[in-house]
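See below for the structure under consideration.
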Amino acid sequence: MESESAKAIISRVITYETAKNLALSLVALFFIRGVVVVIYRLYFHPLSKYPGPFLAKISDLYGAYHNVLGRLHTETEQGHRVYGTIYRQGPNKLVSNSGSALHTIYHSKDVQKSQGYVTMIPAPGAYNIFTAVDKAMHRHKRKVISQGFSDQCVRDFEPTILSHVDLFIKRLASTGDSRNSGWSAPYNMTDCCRHLGYDIMGAFGFGQTFHLQTAETNRFLIDAVTATSHKAGVYVQYPALQKLRLETLFYRRGLEMREKYLKLMSGLVRSRLAAGKSSRNDLFSFIVDAKDPDTGVGFSEDELWAESRFLLIAGADTSSTALTSLFFYLAAYPECYRKLAEEVRSTFAVPSEIRSGPVLSSCVYLRACLDEAMRMSPPISGTLWREVSGEAIVIDDEVVPKGVDVGVSPYALHHNEDMFPDSFTFNPDRWIVSDDNNSRDAVERARHAFSVFSLGSRACAGRNMAYTELSDSVARTVWYLDMRSADESLDALGGGYFGARYGKHRAKEFQLEEHLTCSHDGPWLRFRVRAGAEEELEKLLGEKQS
Ligand code: HEM
């Protein structure tokens, strides 16, 4: 008995010792592997000659960390000031900051979307137009879906946009004594513009409004989409992190909301299907029977709904950020607001004339204001990574080998002083050729570097829709209403503040938190009916809500 128990003790000790040694060896191996990887990335990697932040050279944690904090766009802009036009922003990533790099990369046949996009597919094989990395798959999706974005489709859908815009104006004009000469209660324009943008995209993607402008019930959608965008933004920067499923720890609330969101969506899909194919002017009716002109193949119903869900992020978040930013800049630069109001009010005798067409297109200052707001604060501010899939590409004389991720940050490029002098000042006139201060060359240089909608085969498919929505919303609001900052100072606007870290310090720059799309807060504004618009506003307020 005694000798047996001594044996058992010895074998336990050996097992424990062995396990301990094994664990220590694994830690040591892991550590040594880490050191070897770091040394390789710093000194022997093909990108080792490029400057960049130390952490970025050794790990994609750099991008993920700044993305979590919503400031990768401002870090990138600052990075170019420190490291130059091209620098290393991940072990395998180069970011550039020139108009020529923008065109080379996004027009190149030798790049494809980076593997980061694959982290956004909800299930294996469930690609949509945005996440399809494979070029042939994307080409097919694009050919089918772009039929739903034709000029004719946008025109057919415009009455729906306008009905939501009118609701937006009613809301802004309906508190306090705004119908007389007094100002309304203050509104947080982030909320108002998000509600408008989501309602429009609900109508476009699903043929039904979410009623965010008029009721609380579905407003959780915005938080659900924001949480999805936060998560996606981090994994796009550091795809390997996805395996750790960190969202189950950090985005619990987001995941709960996602369940609610998916339930709402499937309800919408069911009731849209019950309504019949062509009963509404929405994406479903535009492309339900559309076919790829080359192959004759259309979309399955599942594919169609996958695209509709994507559009909610692609179309609602982006357009509402653009609209909110413009309200910010018009409040921060009252002289620009006055000029815009003068143009719109002198062009249109009555607000019902405001809709797309040659007259609205003749409002050059309106278009300049939209472009300038999106230049200052691009709704997609972060670098859209592309992987070099050919042998190599040459970016500004640098030969970049296969497998490297390359890109240009729209935010950094839009604040490159070579193309945009005094780049942190909101100046719509920079988009208009004029004899006294703006040559054709200067405007063309700016246009060449304007990358809000990206370029090439993966550029935004909804650009026309976005301009229609934005022009209608801004022109009609400015036609009816005067506006001002809630407390007659810059404090309530949502700009930066003195003493904050770099990028957050400019009072007249609308502050975006960049994830995949952008989060923001403010500006808080008050509205009142403008002189001469009382009768038209009475009519609008008297109309029955649609
Ligand atoms: C101001 C508003 C908008 C901005 C700034 C914007 C910006 C962009 C950008 C930068 C991309 C390229 C993304 C990438 O390469 O990863 C993109 C793609 C896309 N956008 Fe927009 N967008 C806006 C509004 C819209 C709207 C309203 C719709 C639809 C109604 C839309 C539909 C799409 C689609 C379908 C794609 C994917 C295109 C493809 O990969 O072929 N966007 N957008």
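What's the center-to-center distance, using Cα atoms, between the range 69-131 and the range 470-521 in Å?
Their Cα centres are 26 Å away from one another.
Label points 7 Å out from Cα along the Cβ direction at Ser454 and Thr295: separation in nm?
2.0
Assign unit charges at the C-beta atoms only (+1 for Lys and Arg, -1 for Asp and Glu), then state the dipole size of the range 54-542 relative to its Cα centre in Debye, rounded to the nearest 20.
1160
Can you return the lysines within cross-link range of Lys143? Criterion is Cα-Cα under 27 Å, with same-chain partners fewer than 8 residues away left out.
Answer for Lys143, where 27 Å is the Cα cut-off: Lys109, Lys113, Lys135, Lys277, Lys291, listed by chain and number.
If amide hydrogens are placed 1.01 Å from N in the peptide plane, which non-local residues have theirs closer than 5 Å to the one on Ile395?
Close amide H contacts, sequence-distant or interchain: Val400.
Could you calculate the FRET efficiency of Ser271 with Val68 from 1/(1 + (r/R0)^6), where r is the beta carbon distance between them and R0 is 45 Å, rounded to 0.05?
So, using R0 = 45 Å, E works out to roughly 0.75.
How would you rank 232-243, 524-535, highest first, on the average number of other Cβ atoms within 10 Å across their residues?
232-243, 524-535
Could you tell me the calculated FRET efficiency between Glu353 and Arg447, based on Cβ-Cβ distance and R0 = 22 angstrom, to the nearest 0.05?
E(calc), rounded to 0.05, equals 0.15.
Give the order of Thr76, Thr347, Thr468, Thr248 when sorted by the count of other beta carbons within 10 angstrom, beginning with the fewest.
Ordered by Cβ neighbours within 10 Å, fewest first: Thr248, Thr347, Thr468, Thr76.
Kirkwood Rh and Cα-based Rg: tell me the resulting Rg over Rh for the range 54-542, rounded to two decimals.
0.95
Given a Förster radius of 30 Å and the C-beta distance between Arg139 and Glu398 as r, what FRET efficiency does 1/(1 + (r/R0)^6) yield to the nearest 0.05?
About 0.55, to the nearest 0.05.
Separation between the Leu255 and Ser146 pseudo-spin-labels, each 7 Å from Cα along Cα→Cβ, expressed in nm?
3.9
In nm, what is the difference between 0.36 nm times the number of residues separating Val35 and Phe424 and their Cα-Cα distance?
135.9 nm
List the GluC sites (Glu not before Pro) within the range 432-498 that fall in a DSSP loop (any state other than H, G, I, E or B) and whose Cβ has at most 14 other Cβ atoms within 10 Å.
Answer by residue number: Glu488.
Rank by packing, highest mean first: peptides 315-328, 154-167, with packing defined as the count of other Cβ atoms within 10 Å averaged across residues.
Listed from highest to lowest mean packing, they are 315-328, 154-167.
None of the figures in this text is laboratory data; all of them are computed from the coordinates on show. Because the structure is predicted, anything quoted here is derived from the model rather than measured. In this analysis, Cβ positions are derived from the backbone assuming ideal geometry, glycine residues included, and neighbour counts consider all displayed protein chains.
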